[in-house]
Each structure stands twice: as C-alpha cells, then as structure tokens.
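Any read-out appearing in this document is the output of simple, stated calculations on the displayed coordinates, not a laboratory observation. None of these values were measured; they are calculated from a predicted model. Here the Cβ positions follow ideal geometry from the backbone for every residue, glycine too, while neighbour counts run over all protein chains shown.
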Amino acid sequence: MVKYLSSLDATFAALSDPTRRTILTTLQRGHASVTQLASPHSISMPAILKHLNVLEQAGLIEQKKTGRVRMCRLTVAPMQQAADWLSLYRVFWENQLDNLGKFLQQTDPKKEENKACRKQPSHPRRRS
C-alpha cells in the first residue's frame, strides 16, 4: 500500500505542472523527441530535461536514446492508478450530488411560489 501511495504521490506531483501536462498531451499522439517536446515551450532545454526527468521518475514516460536523439514515449500504468484512485471519489461525489439534487427538488422555491399562486383566489378587476 505504501508503494502504491508513493507512486500515486509521484504521479500527482508530476501532473501538477502545466508544462509536464502539455508534454504528456503531446506524447498521447505518439513518440516524440526531446526537441519536439521542447518546441512549443519558451523555456530552456535544461528546464525541459528536468521536466522530463520528473515525468520519468513518476513512471509516466520512458526515454530511450538512439545516437544523438532522445525519444520519449508515454507509459500508461501510473495514469491508470491515478484514474482508479479518483474513481473511488467520483462515486462518492456522484452520490452527494444526487442527494443534493433530490433535496433541491423537494425544496424548490419556484414550486412553492407556484403552489402559493394557485391557492390565492384571483381578485376581480375594479371598474372605474
């Protein structure tokens, strides 16, 4: 369990940065070189390499160097663990929202106003 939580912590820590999320989004389309991953960002190559190392440490990507080119690819397992963990809370929040919806339907002020309007007799218009 501790290993699961520490890998989950690493996954969420890696996902907390928008640059790293953008890199992962790019890798959803397939393998990419470090240069390709760096091109949309206005940060230095050493900064990109640090982001890639965080992603690799979290197990979200794999890097393979062939000659002078370093290629990266997405790995699925850590994201699946994060999705599984979040799904536990999705069920909880869906139940909470369902209960809130039922409560709001029972106490809808518009329904109460409509009931009150129907109960009051209409007054005849006065003629001058």
Next on the checklist: Using Cβ contacts closer than 10 Å as the measure, can you line up Thr22, Thr35 from fewest to most?
Outcome noted: Thr35, Thr22
Checklist entry - How high is the relative contact order of the stretch 2-78, given as a whole-number percent (alpha carbon pairs under 8 Å, six or more residues apart)? => result 36 percent
Item to check | Likely footprinting exposure, Thr11, Thr75, fewest C-beta neighbours within 10 Å first | outcome: Thr75, Thr11
Next on the checklist: Taking the beta-carbon count within 10 Å as an exposure proxy, list His51, His31, His41 from fewest neighbours to most.
Outcome noted: His31, His41, His51
Checklist entry - Which of the trypsin sites (Lys or Arg not before Pro) found in the stretch 1-77 are in a DSSP loop and have at most 11 neighbouring Cβ atoms, other than their own, within 10 Å? => result Arg29, Arg68
Item to check | Theoretical gain in end-to-end length, Arg90 to Glu56 [0.36 nm per residue, Cα-Cα removed] | outcome: 9.5 nm
Checklist entry - Along its principal axes, what span do the Cα atoms of the stretch 2-78 show, with the longest given first and each in whole Å? => result 38, 25, 22
Checklist entry - What residues have an amide H closer than 5 Å to that of Ala32, excluding those fewer than 5 places away on the same chain, when H is modeled at 1.01 Å from N in the peptide plane? => result Cys72
